[in-house]
Amino acid sequence: MHEGSIPIVNAMSDPAAAVPVLEVSGLRTRFGPLRAVDGVSFAVAPGETLCIVGESGSGKSTVALSIMGLIPPAAGRVEAGSIHLAGHGELRGLADAAMAAIRGRAMGMIFQEPMTSLNPVFKVGTQIAEVVRRHQGMSRAAAHDRAVELLRLVGVPSPQMRALDYPHQLSGGMRQRVMIAMAIACDPMLILADEPTTALDVTIQAQILALIEELKQRLGSGIVFITHDLRVVAQIAQTVCVMYAGVVVESATTRALLRTPLHPYTSGLMASIPAAQPRGTRRRLPVIAGTVPNLAKLPGGCRFRSRCPKAFDLCAEVEPPLAPPAKGDPDRLVRCWLHADGVAA
Amino acid sequence: MGTARYIARRLIFSACLILGVSVILFAMINAIGNPIEILLAERPGMTDEVIESVSRYYGLDGSVTDRYFTWLWAILRFDFGTSIIYNQPVSEMLVTYGLETLKIQIPAILIALVVSVLISVMAATRQYSRLDFGVIAGAMLGHSLPGFFIGILLILVFSYWLGILPSYGAYSTRNMLMNSTLIDGLWHMVLPVGMLVFFNTATLTLLMRSSLVEVLRQDFITAARASGLPERRVVFGHALRNAFIPVLTYLGILFGVMLGTAPVTETVFTWPGLGALYIMAIQQLDYPLIMGETMIITFMLVGATLLTDIAYVAIDPRIRLA
Amino acid sequence: MTPLLDVADLAVHFPVFRGPLRRKAGTVRAVDGVSLQVFRGETLALVGESGCGKSTLARAVLRLQEPSAGQLRFEGQDLLRLDRRAMKAARRRMRMVFQDPHASLNPRLRAGEIVGEAFDIHGCTRRERDAGVAELLTLVGLGPEHAARFPHEFSGGQRQRIGIARALALHPSLVVCDEPVSALDVSVQAQIVNLLMELQERLGLSYLFISHDLHLVEFIADRVAVMYLGRIVETAPIQSLYAAPLHPYTQALLAASPSIDPDRRHQHVVPDGEVPSPLSPPSGCAFHPRCPFAIANCRAEMPPLLTLAPGHDVRCWRAGEWAAAPQRAAIPVGS
């Protein structure tokens, strides 16, 4: 109902037809023996919000850090795959300095914890201005003005005064707005958001989701939005990748995925979200039994097998490929033998 | 403003502290007894009359409180009386010897600070590397070795074996090096400063490295990298200032106790500073000198603590009044 | 029916010290005149955003935080009049499950010691303790063999099971659950929620259930109390609260809770602004600066908690209007 008040710059009708902003294929990232990301591929079009959903240990945050080139070299490394950013080509293998020049300019990142993601000893205006100065070579004064303008853009009231505040003087919601201002300071074509609303209260979460949506319309950027919450996915995403134990198990448009989940993990996740149920005794939530497997010693076959109510012999023997389902929408992908050609019982 | 009031209160608190120390010091010295009796009683031909007149001469005949306030009023005017042994005004001696002490202590702390920052950055940015472990091991060793041991080792190597640096004193007694007081003075400073730098660097590096490792793990460092800041700027601009906050306390103590730790260095290198003077004063029961030096050490310690507190406010906005 | 827990006009005020000199800068009324009842076998959910005082209220109920004023009756006893010994005995009957299963278990104690601590404190023999621990671990879906393990050997969900077993030692009648599943993964949340519901049915427990997740609350609770800035703004049975929320803040919370249905995007209006500082709360109704329906009276005077239907209390000057025309409530004025 408020859609009309937002100026829609990006008038793209079919995101899939456009050249993707980001194309990731076969990404593998390891932390020692731990295969955190084990062959992940996806693409994001300009103006598209792609959600990566998963629980802790699914590798979703590692995907974001791998794209940004921020995997600490002492802890792990991107082993294989390609990360292609429109206008900048292949990012994997770029020198540190070249990568640093792209970060914050062509791609910005928003983090989960607004309380700890800003440097406590610098004024927030200074921190935003620093990014602008670094990438756009502005003077100190011009960068400060731009920082104030960015704060206004992300909905911080009296931005002139707030720019002079230190992070501890701002609420969690305001700090997250500051983080967003930093991420979009140089009009990036790609925004990576790693659980940006998880630490926030529900009314503030709604405000931040609306802000991210509005900024996407304005800048026409592609967004990779990482979350564990399928309800947030329903609110913000055009396409979804569901990750489990380092791989994508299902990807589809949001509506298709939430209306008819194909992978048993996706349907299990959806079912375990509490919703209104008839009153009376013995109300229970459907659960996914067990816990996420240890990534350092994954068994062969399907990674979800041990928790899957529908697992059969083949699941233990061979890992299913991520492929279009045998029946139904050819645009979606699922990693499950139940939906594979000629296998489904 | 809040900060000004804060500093004002800290100043008042510091003054009270100094006053408290002066009372305790005076009471303790007084408890030992009449110094004239202790110093002169054993001498032959000392009659009670002589002791009494000497006591009167030194103002030791009044009541304890009278004498305390006379003394307090005097030290407020920077008059610490006359040294019994050297027969010179204590205030002049404090200045002369104090400058000699500061001459080696201040450069030593500053050099140690710079060196430890550089070493810590190298180690912390390569955590768990061989370099990092080497730095930790070295710093632990340096921190555990007693200062005089390092001093003697330095003398052995550079003065005795190599014979390139002087092992004692602040100036050459006969021929100045290159006929310049400045160069000769610097030449003599090398070993004592070296010993202090070694010791201070070890401790500062231990603190700074662990603090920096902790800070480099924080989210805001990842966020700074994510906004494309060059690594040098991330480490020196963003991490170091945060890492410095816990180190500040130790730095304050270092400045505060530098007169207190001076005796060891100055004994090893026969340096004509306050530390050596203090030892001498105690050995010879030179009361005015002991009291004067103790008050100066107190002043330094309280002053350093005050400066540390102010530095905290400057460096960490979270401490400031909101 | 007398309630198991009866809280009347409870207040918890904290003096606030600021700046390097820790001077008193004011008083935070974290909980300010809260009355609520928990009946036997029911779940009362306490919802609200961070800083609304719900966790402080929970701690005050257990006297882990000494209330500044008010009455606290539990199982017929006036808790605030009890001496230390009597309070210790009362604490056997009212226990707490914490939010963070990582931080709330002592990492140096074995699971058996953590669960058995209550037995030791209340002077049971070693055999009674071991038998009790084994029974409790089985009850929460673990096994007696887990007693010898340390917390770090368990997953997050298992750790929360240990936390629940600890709370259930010595047969409490009331368990205060402070966001017991919000730190857990989605698939594990459901397991813990089911466990809590199963235990309630088997043991007849009452829960004071603190949560910010309105979907979860709708599933698990019988009644809800909504808090805003230290006060209860609405109390109602689940069905009426979700069908016809009467306080504008409750409406905002429900509107802001995302729905799993992708076709129901941005259907509601989200309130502007943020929760004000509890140090300087707004005049009158604390919600008025963010309320789209505020009238002059809201700025001037704090509305009383009015009972508009059986069991449905609302603190809003205009609640009568919403109750008369509930469908109007979701339509913001002036848009």
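The values are calculated or read from the model by the stated rules, or taken from the named source; none is laboratory data. Bear in mind that the values here come from a model prediction, so they are computed numbers and not experimental data. Cβ placement follows ideal geometry from the backbone for every residue including glycine, while neighbour counts extend to all protein chains displayed. Heavy atoms of the whole protein, side chains included, go into the accessibility calculation; ligands, DNA and RNA do not. Shrake-Rupley method; radii C 1.70, N 1.55, O 1.52, S 1.80 Å.
Here are some notes:
- Residues (within 11 Å of another protein chain (Cβ to nearest Cβ) and either part of a strand (DSSP E or B) or crowded, with 24+ Cβ neighbours inside 10 Å (or both)) located in segment C:229-238: C:Pro237
- Total residues in segment A:119-158, condition over 14 Å from A:Met182 (Cα atoms) and outside any loop (DSSP other than H, G, I, E, B): 3
- Residue selection: A:Arg162 satisfies the criterion of being over 21 Å from A:Leu22 (Cβ atoms) and either open to solvent by 60 Å² or more (accessible area, probe 1.4 Å) or facing chain B (nearest Cβ under 9 Å) (or both).
- Scope segment C:191-207; condition in contact with a helix residue (DSSP H, G or I) (Cβ under 8 Å, 6 or more places away or on another chain) and facing chain A (nearest Cβ under 8 Å); matching residues: C:Gln191, C:Val193, C:Met197
- Test: residue in segment B:220-231 that is within 11 Å of chain A (Cβ to nearest Cβ), open to solvent by 30 Å² or more (accessible area, probe 1.4 Å) and farther than 21 Å from B:Leu118 by Cα: yes
- In segment A:312-345, residue surrounded by the most Cβ atoms within 10 Å (Cβ to Cβ) [restricted to those that are at pLDDT below 90 and of a type in the set (A, V, I, L, M)]: A:Ala340
- Within segment A:67-81, being more than 14 Å from every other protein chain (Cβ to nearest Cβ), aliphatic (A, V, I, L, M) and out of contact with any helix residue (DSSP H, G or I) (no Cβ under 6 Å at 6 or more places or on another chain) holds for one residue alone: A:Ala80.
- Annotation for segment B:36-54: at least one member residue is in contact (Cβ under 8 Å) with a residue 40 or more places away in the chain and either hydrophobic (A, V, I, L, M, F, W, C) or not assigned by TED's automatic domain parsing to the domain that holds B:Asp286 (or both).
- Among the residues making up segment B:170-189, those that are open to solvent by less than 70 Å² (accessible area, probe 1.4 Å) and either within 23 Å of B:Leu110 (Cβ to Cβ) or out of contact with any helix residue (DSSP H, G or I) (no Cβ under 8 Å at 6 or more places or on another chain) (or both) are B:Ala170, B:Ser180, B:Ile183, B:Asp184, B:Gly185, B:His188, B:Met189.
- Test for C:Phe154: is it farther than 27 Å from C:Lys54 by Cβ, touching a Ser or Thr at 6+ places or on another chain (Cβ under 9 Å) and open to solvent by less than 40 Å² (accessible area, probe 1.4 Å): no
- Segment C:208-225: number of residues that are facing chain A (nearest Cβ under 7 Å), part of a loop (DSSP other than H, G, I, E, B) and either closer than 24 Å to C:Leu137 by Cβ or open to solvent by less than 10 Å² (accessible area, probe 1.4 Å) (or both): 0
- Every residue from segment A:82-111 that is open to solvent by 10 Å² or more (accessible area, probe 1.4 Å), assigned to a loop (DSSP other than H, G, I, E, B) and more than 8 Å from chain B (Cβ to nearest Cβ): A:Ala86, A:Gly87, A:His88, A:Arg92, A:Gly93, A:Leu94, A:Ala95
- Screening segment C:239-335 for helices (runs of 4 or more DSSP H) wholly inside it with 1 or more residues that are modelled with pLDDT of 90 or more returns the ranges C:248-256, C:296-300.
- Filter pass, C:Leu216 being under 13 Å from the mean Cα position of the chain (by Cα) and either free of Cβ contacts under 8 Å to residues at least 40 places away in the same chain or farther than 22 Å from C:Lys54 by Cα (or both): yes
Here is a yes/no grid of residues against (1) under 30 Å from A:Ala199 (Cβ atoms); (2) surrounded by fewer than 15 Cβ atoms within 10 Å (Cβ to Cβ):
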| site | (1), (2) |
| --- | --- |
| C:Ser35 | no, no |
| C:Val38 | yes, no |
| C:Gly41 | no, no |
| C:Gly48 | yes, no |
| C:Gly53 | yes, no |
| C:Phe74 | no, no |
| C:Arg85 | no, yes |
| C:Ala89 | no, yes |
| C:Arg92 | no, no |
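- Subset of segment A:292-319 [more than 26 Å from A:Ala275 (Cα to Cα) and not in a helix (DSSP H, G or I)]: A:Pro293, A:Asn294, A:Leu298, A:Pro299, A:Gly300, A:Gly301, A:Cys302, A:Arg303, A:Ala311, A:Phe312, A:Val318, A:Glu319
- Residues being open to solvent by less than 50 Å² (accessible area, probe 1.4 Å) and in contact (Cβ under 8 Å) with a residue 60 or more places away in the chain - total across segment B:256-275: 11
- Identification of helices (runs of 4 or more DSSP H) wholly contained in segment A:224-291 with 1 or more residues that are within 11 Å of chain C (Cβ to nearest Cβ), at pLDDT 90 or above and within 30 Å of A:Phe31 (Cα to Cα) yields A:230-236, A:264-271.
- Only listed residue being under 21 Å from B:Val247 (Cβ atoms), open to solvent by 40 Å² or more (accessible area, probe 1.4 Å) and modelled with pLDDT of 85 or more, chosen from B:Ile136, B:Ile152: B:Ile136
- Test: C:Ser187 is in contact with a His (Cβ under 7 Å, 6 or more places away or on another chain) and of a type in the set (S, T, N, Q): no
- Tally, over segment A:206-223, of residues that are within 30 Å of C:Val217 (Cα to Cα) and either open to solvent by 20 Å² or more (accessible area, probe 1.4 Å) or in a strand (DSSP E or B) (or both): 3
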